[in-house]
Ligand code: NDP
C-alpha cells in the first residue's frame, strides 16, 4: 500500500484498535485493494470518506446475565456493531461462540457493509454476538440466554434501523427465542430479525441460501473464466454447519462429488461422495459430531485433525467453517494437488498470504463478501416479504438468489478486469462494494 492517504488512515486504525488482529487484518486487506480506485478519486479524501468508513457508526457492548439449569447465575458479554448505514438499515448476523470479542465483531461488521452493498439490495452493515457457548446447553438455558440478550439489544434495533439474523451458533431456534422476546417487550410484530421460522415471517430457502449461493457463484465463475462447471468436479467442503450442509446439497445437485467435510474435531473422507440426507440428519436433527458419519457409511474414513482436510487432492475447495482456517501451507498443498477454484462460504477463511497465493497462481477465487452473500441476500428478501406481508415460493426465492449471485460474480469479474487482473477478485469485490457506499456517504454529507 503506497497511497499516503490510505497509509495514514490505516495508521490511525492501528492506533485506535490495538490488539484487534482480525479487525486490522480485514481493514488492511480492504484498504490495500482500494488503492487504484482511491488514486482515481480525490473527492474521497476531500470528503474524509475513508476516515469515516473505517470507524463504526456505533459499537454497543453489554452484560448478558442468565441462570443455568442449576440456578447458578452466568454472565456473558454481548455486542452489536452498527457499522455503516449509508445505503440502508444495519443488517448482519449474531454470532454465539466463545471466541467472540470486539475485534471479531468489528471485522465482521466492516466486511458485512461491503457484502451487503454487493447484493444490490438496500442494506447497511452490522454484526453482533456474544461469547456465550451454545454447545452442550439445554433448550431452557439457550432460551434464557437469548431472552436476556434481547432484553438489552431490543432498544438498539428495529425493522427500519437494524435487522439482525443468524450466524455461527445462532440458528432458527435462537432467532425464534430472540424474536419472541422482542415482540413481548415492544408489543409489535415486525420483521426485526431474519432467519425466522416459516410460521412467523421467515423466508423459504433462507436456511439453504448461503450454501446454495456459494455454489451458484462458483459455477458461474467456472463457466465464465474456464468454460467448465461444477459437474464432474471433486469438491472439499470444510465445516458441517448451516453453510456447509447446503453447499453439499447444491454442489451434488450440480453434478459435483463432495469427497470430504469436517467439524472442529476432525474430517470425513469418502471418494464416492458424502450423502446429504445423512449429514443433515446427523448435524441438524441429532446434533452429533461428524465422526458419527461412519455409522451411516462404513466405507468413509475419519481423521481427528480438521486442518488435514486440505491435504486431500480436489478440483474445488469451499471453506465453509470459520475465519483463518486456511493458511499459506494449506493453500500451497491444494494448488500442488491440482486445485482450480476456491470460493469462500465462511467469512475470511483464508489468511492474507493464502489469498495472495491463490491470486498469483491464477486459481479462480470467490472472496467471502461476494461468494457467501446469498445468506444476507435472502435475508433482504425476507425483509421485503415481511414489509409486503406476503410470502414467495421456494422456487421464486431460489431463482432470484441464483440470478443475483451470478450477477454479483459478473460485477466483480468486470471490475477486476477493468483494474487489470481478472483473477484479482479481492480488488474487484472490494471496489464494487465500496463504490456504492462511498457515493452514498458523499451524497449524505458529513454524518
Ligand atoms: P455453523 O455454526 O452452523 O457451522 C460452523 C461449522 O464449522 C460447524 O460444523 C463447526 O464445527 C465447524 N468448524 C468450526 N471451526 C472449525 C475448524 N477450525 N475446522 C473445521 N470446522 C470447524 O455456522 P454457519 O455454517 O452458519 O457459518 C459458517 C461460516 O459461514 C462462518 O464464518 C459464518 O460467519 C459464515 N457465514 C454464514 C452465513 C449463514 O447464512 N449462516 C452467511 C454468510 C457467512 P463444530 O460444530 O465442531 O464447532
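Is it the case that the stretch 132-151 has a residue that's under 24 Å from residue 430 (Cα atoms), modelled with pLDDT of 95 or more and not in a loop (DSSP other than H, G, I, E, B)? No, there is no match, as no residue in the stretch 132-151 is under 24 Å from residue 430 (Cα atoms), modelled with pLDDT of 95 or more and not in a loop (DSSP other than H, G, I, E, B). Inside the stretch 112-137, residues that are surrounded by 24 or more Cβ atoms within 10 Å (Cβ to Cβ) and on the phi < 0 side of the Ramachandran plot make up a count of 16. Is it the case, given these coordinates, that residue 251 is within 14 Å of the ligand (Cβ to nearest atom), in contact (Cβ under 8 Å) with a residue 60 or more places away in the chain and part of a helix (DSSP H, G or I)? No, not satisfied. Every condition in (1) within 14 Å of the ligand (Cβ to nearest atom); (2) under 18 Å from residue 93 (Cβ atoms); (3) in contact with a helix residue (DSSP H, G or I) (Cβ under 8 Å, 6 or more places away or on another chain) holds for residue 137 except the one numbered (2).
Return a yes/no flag: does the stretch 53-62 have any residue that is at pLDDT 95 or above, more than 23 Å from the chain's Cα centre (by Cα) and within 19 Å of residue 170 (Cβ to Cβ). Yes, the stretch 53-62 contains a residue that is at pLDDT 95 or above, more than 23 Å from the chain's Cα centre (by Cα) and within 19 Å of residue 170 (Cβ to Cβ). Hey, does the stretch 336-348 have a residue that's more than 16 Å from the ligand (Cβ to nearest atom), farther than 19 Å from residue 167 by Cβ, in contact with a strand residue (DSSP E or B) (Cβ under 7 Å, 6 or more places away or on another chain) and free of Cβ contacts under 8 Å to residues at least 40 places away in the same chain? Yes; the residues of the stretch 336-348 include at least one that is more than 16 Å from the ligand (Cβ to nearest atom), farther than 19 Å from residue 167 by Cβ, in contact with a strand residue (DSSP E or B) (Cβ under 7 Å, 6 or more places away or on another chain) and free of Cβ contacts under 8 Å to residues at least 40 places away in the same chain.
Rundown of residues vs (1) assigned by TED's automatic domain parsing to the domain that holds residue 158; (2) modelled with pLDDT of 95 or more; (3) in a loop (DSSP other than H, G, I, E, B); (4) away from the ligand (no atom under 16 Å from the Cβ), yes/no style:
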site: 202; (1), (2), (3), (4): no, yes, yes, no
site: 214; (1), (2), (3), (4): no, yes, no, no
site: 220; (1), (2), (3), (4): no, yes, no, yes
site: 224; (1), (2), (3), (4): no, yes, no, yes
site: 228; (1), (2), (3), (4): no, yes, yes, yes
site: 231; (1), (2), (3), (4): no, yes, yes, yes
site: 237; (1), (2), (3), (4): no, yes, no, no
site: 240; (1), (2), (3), (4): no, yes, yes, no
site: 245; (1), (2), (3), (4): no, yes, no, no
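Among the numbered conditions (1) within 17 Å of residue 354 (Cβ to Cβ); (2) loosely packed, with under 15 Cβ neighbours inside 10 Å; (3) within 12 Å of the ligand (Cβ to nearest atom), the only one that residue 287 does not meet is (1). Cβ-Cβ contacts under 6 Å between residues 6 or more apart (or on different chains), taken from a first residue in the stretch 73-85 that is on the phi < 0 side of the Ramachandran plot to a second residue that is surrounded by fewer than 16 Cβ atoms within 10 Å (Cβ to Cβ) and outside any strand (DSSP E or B), are listed as 74/68. Evaluated against (1) at pLDDT 95 or above; (2) within 11 Å of the ligand (Cβ to nearest atom); (3) within 22 Å of residue 198 (Cβ to Cβ), residue 104 falls short on exactly one condition, (3).
The values are calculated or read from the model by the stated rules, or taken from the named source; none is laboratory data. Predicted, not measured: the structure shown is a model, and the values here were computed from it. No Cβ is skipped: glycine too gets one built from the backbone with ideal geometry, and neighbour counts run over all protein chains shown.
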